[in-house]
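Working notes, structure below.
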Amino acid sequence: MAVVLAAVLPAGAAQAHENGSVRATITPAATAPGATVEVSVTGCSGTTGTAGSGAFEGDAQLTGRDGDKYALNGSAKIKRGISGTHDVTVTCDGHPHQGVGTVRIERHNPEPVSPVRAGGGGTAQLTTTAASAEADEEANEAGPGTRHTVIGLVLAGVAAVAVAFRSVRRRRSE
């Protein structure tokens, strides 16, 4: 009888771990490289565990109350320079549970692709090279040049001399 129980009990425990009762939910489901994700695992008994993935910089340390009734939670940072969908393996109850969740990493191209002079937002990709060249020429023509700068400096100097001269005349008359 003891031999039968010894043979049946480990097989029953292994079957319980393979029946898919452990589930990992990654929030957000789709994220960018370098971001931190929250990992929530249900179906584990106990109060601790780990969640690992090729997408994580290190294993997420899971903690919680009773894993049978409540979720175990932790966080993990996504590696930089990766993309795609990666499986999550959870280790709890002394057993690894492979492929019980997934995390999707998407590389985002920041918009606009090239700087725009004023506003435009995401329309930067829609501009043509000819339109950019025309805008550059107009900006160069419309802005103050060297001639304008010199005239401005001369006028500022004249104004400073006039104020100084007037101050000197006031002091003499007093």
Calculated from backbone phi, Karplus (6.51, -1.76, 1.60) coupling profile of region 21-37 in Hz, x at Gly/Pro
7, 8, 9, 10, 10, 9, 10, x, 5, 10, 9, 9, x, x, 7, 9, 10
Length gained when the stretch Gln98-Ile151 is fully extended (0.36 nm per residue, less Cα-Cα span)
11.5 nm
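Using mean Cβ contacts within 10 Å as the protection proxy, how do 145-158, 79-92, 37-50 order, highest first? The partial results should precede the final answer.
Details: 145-158: 9.7, 79-92: 16.5, 37-50: 19.6.
Result, highest mean Cβ count within 10 Å first: 37-50, 79-92, 145-158.
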Amide H contacts under 5 Å for Thr102, placed H, 5+ residues apart
Ile26, Val88
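None of the figures in this text is laboratory data; all of them are computed from the coordinates on show. Treat the numbers as computed from the prediction; the structure is a model and nothing was measured. With ideal geometry, Cβ positions are generated from the backbone for all residues, glycine too; neighbour counts draw on all protein chains shown.
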